[in-house]
1. So who's got an amide H within less than 5 Å of the one on A:ARG297, skipping anything under 5 residues away but keeping other chains? H placed 1.01 Å off N, in plane.
2. Give me the inter-chain shielding for A:135-141: mean count of other chain Cβ atoms within 10 Å, whole number please.
3. Which FRET efficiency, nearest 0.05, do A:VAL127 and B:ALA45 yield, Cβ-Cβ r, R0 30 Å?
4. Please list, ordered by chain and number, the residues whose modelled amide H lies under 5 Å from the amide H of A:GLU79; skip anything fewer than 5 residues away on the same chain.
5. By the scheme Lys and Arg +1, Asp and Glu -1, what is the net charge of all other residues having a beta-carbon under 12 Å from that of A:ASP292?
6. When Cβ neighbours within 10 Å are restricted to other protein chains, what is their mean count per residue of peptide A:266-277?
7. For segment A:59-67, just list the computed ³J(HN,Hα) in residue order, Karplus coefficients 6.51, -1.76 and 1.60, θ = phi - 60°, integers in Hz, with x standing in for Gly and Pro.
8. So what is the relative contact order of chain A, in percent, for Cα pairs below 8 Å that sit 6 or more residues apart?
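Laboratory data are not the source of any read-out in this text; all were calculated from the coordinates shown. Worth saying up front: this structure is predicted, and the values here are computed from it rather than measured. Backbone-built Cβ (ideal geometry, glycine too); neighbour counts: all protein chains shown.
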Amino acid sequence: MGRYILRRAAALIPILFGVSAAAFLLIHLLPGDPATVYLGEHATAESIARVQHEFGLDRPLPVQYGIYLWHAVRGDFGESLDSHRPVIAEFLPRFPATVELTLGAITVALVVGIPVGVLSAARPNSVLDRLGMGLALTGVSLPVFWLGLMLVYVFSVYLHVLPTAGQLGVNTSLTPLTRIVALDGLLTGNLAAAGDALRHLVLPSITLSSYSLAIIARMTRAAMLDALHQDYVRTAYAKGLAGRAVVIGHGLRNALLPVVTVVGLQVGSLLTGAILTETIFSWPGVGRYMYDSILFRDYPVILAGILLFSVVFVLVNLVVDVLYAFLDPRIRYA
Amino acid sequence: MLSSTPESVTPSAVARPRARAAGRSTWRLAARRFWRNANARVGFALIVFFALVAVAAPRIAPEGYDQENLLGRLKPPSAAHWFGTDELGRDVFSRVIYGARISMTVGLVAVAGALGSGAVLGIAAGYTGGRLDGFVMRIMDVMLAFPSVILAIGIVALRGPGLNNTILAVSIVNIPVYARVARASTLAIKEHEYVVAARAVGARPWRVLLRAILPNAASPLVVQATLGVAGAILDAAALGFLGLGAQPPTPEWGAMLSDSYKYLLTAFWAALAPGAAIALMVLSFNLAGDGLHDALDPRLSSRA
């Protein structure tokens, strides 16, 4: 197992090099000079030359990449053009809020998506199956930002049952510990704050989960149908096991393997969705910060964000691969 | 008609029309299966509907998409304005209709670009193998390591916002998907006897690729492309919502949402219509794509 993990981790190194080089080349190879974009269309030649020199854009490309990489591995992504603070210092405090939202969304996606897939597969083409797959089809078709707006309108503006935005109500105070506020509330014994945090988490989590929920439901159904057509399922029925025991014990247990991989791949769409969801719900995470930086054209922040999101995505998929190998020993020896 | 000519007596000339007829009937059978699927029919009808709306937009829309009326701002839906008016008093119904043009174009052009480049790269890599294969596919791996919209945001943010850059960005980030599908099909197909036979009779590589491999690799690509249009429309709308896509006063649905969501409390209709339009158009391509998938791969559809 240890050797497998090492092998997988080593395979990441070229990918990470590639990702950083691609992020770097994004600035340099595409037509359109960052200095011109930064200064606007009507900048003079001198001011463009000055900005190019300031950012080191007049040096040879490999040198620029080397400098960039040397700084990046030490967590130095330059300064924000807006706040003039180091980019990394802007990102880190915002990370826990995004982790909280993402965990909320994954929970919703798994808790709803897997049962929908299982029920659909247990009775293919039944009314339940059609409803479940209809829900899944809707989930992959809805723009998350629109779903968020409509949920806010119905549940916050119209019904007044859930808060519209933010992580906590203005009247709730909480000692920050992990900065994952629902967890902080529980850890400090402040149950009122934990409850308030969870109420704030409901709509953003549902919004962010919609796409992944749909994918997980469809994947679970497909994997279940596959598993339920295996010989061991027929054997289980033949020896007189109850339907539910076969579906859960023999079907779901085997169907969950491919589902694990899909959950890992969903992290990519969750990170993207976080930018949109956090914007709508004024969620103080890295997604909203990315949105603000895009509006401000804060290039060092945008680039660092792209790189960080991609690294997180790649690392999560490494964890998923390892988990998969742990669940299915055949993988390790392949 | 070929049979009346003397050349048709040679085996190759006889074999060709027969192969073509078989190819045609494979697609005809698939079309029949597609048409028997109610979901696929709905999806196809919706796509036709949106296409007609897009083409006839100036004739259908009661007002121009940029016709402002500052006295009639944020008015609720009425007989004159079916979907209400927005923050500049523009008719939301007219803007949604014009928006169909933009989303349809963005989806189709972006996918055409991605499909074209991806298929060429994938087939070339799969057929040639060796170093070229390794090189191309490692680049594709790196591109896939980025969450796609994040990469698209990077491309557009650095190139400057706008519709053309949106199309370019969505197209680029989708290339690896088609390259992988095309490569996988090519690897499977190139060992088949008809490909070996084509090579053995001395067909040039490009002829083998175009006549023997591409037609047989087409069906997974067609399915992927149809579903890809749905994804491309969603991604482009997300970029529009982030202010990176079409710029005002272009009636792009995502951009319309980002303008109107600040007025959600007082005028939710301005946000309702464009979002519903995106969802419906994306749904139609997803329905058609699923239908194509089942129709072109009968083994799957017969089971579920």
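1. Residues meeting the amide H criterion: none.
2. Per residue, the number of nearby Cβ atoms from other chains is 5 on average.
3. 0.80
4. Residues meeting the amide H criterion: A:VAL87.
5. Overall, the nearby charge balance is -1.
6. Other-chain Cβ atoms within 10 Å of each residue's Cβ, averaged: 3.
7. Rounded to whole hertz, the list is 8, x, 3, x, 5, 4, 5, x, 4.
8. After rounding, I find 24 percent.
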